[in-house]
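For reference, the structure is listed below as structure tokens.
The values are calculated or read from the model by the stated rules, or taken from the named source; none is laboratory data. Note that the structure is predicted; figures quoted are calculated from it, not measured. For neighbour counting, all protein chains shown are included, and Cβ atoms are generated from backbone atoms with ideal geometry for every residue, glycine included.
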Amino acid sequence: MSESSVTVEEVRESQEYLKTGMSQSEGKNFQEASEAFKQSASVHPFDENHISELEKKLKAGAFKKQQECMAYMGCAAVHLKKLVATLSDEQKAEVPVDEQLLSIFKDWD
């Protein structure tokens, strides 16, 4: 899928899933949070196999649910950052990216 075809709606959708997952994670609902993070990373995927490959690696490592959740959270956050980066300045103005997420993303650059 072409990076240039990312839409404002897709960025909003991915961000909402990420925020939902973060809330569920804070509430210690790790399974539900992991699913939300997977959904976030599945919006306009840059690599169709990324989530399934990550799932295989996590299952092979016999991680705890909380550890798996953190891995999916990182995956979703990196994905959302990449989605936002593909938008034009005009499109970015249409997407109210969460301020907390923006501050995290700045630390990554």
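Some observations on this one:
- Being modelled with pLDDT of 95 or more, out of contact with any Asp or Glu (no Cβ under 6 Å at 6 or more places or on another chain) and exposed (fewer than 13 other Cβ atoms within 10 Å of the Cβ) is not true of LYS38.
- Within the set ALA41, ALA77, ALA36, the sole residue that is touching a Gly at 6+ places or on another chain (Cβ under 9 Å) and under 22 Å from VAL95 (Cβ atoms) turns out to be ALA36.
- Test for GLU68: is it within 25 Å of SER5 (Cβ to Cβ), over 11 Å from the mean Cα position of the chain (by Cα), among the acidic types (Asp, Glu) and outside any loop (DSSP other than H, G, I, E, B): no
- The numbered conditions (1) modelled with pLDDT under 90; (2) assigned to a loop (DSSP other than H, G, I, E, B); (3) among the charged types (D, E, K, R) are all true for LYS28 except (1).
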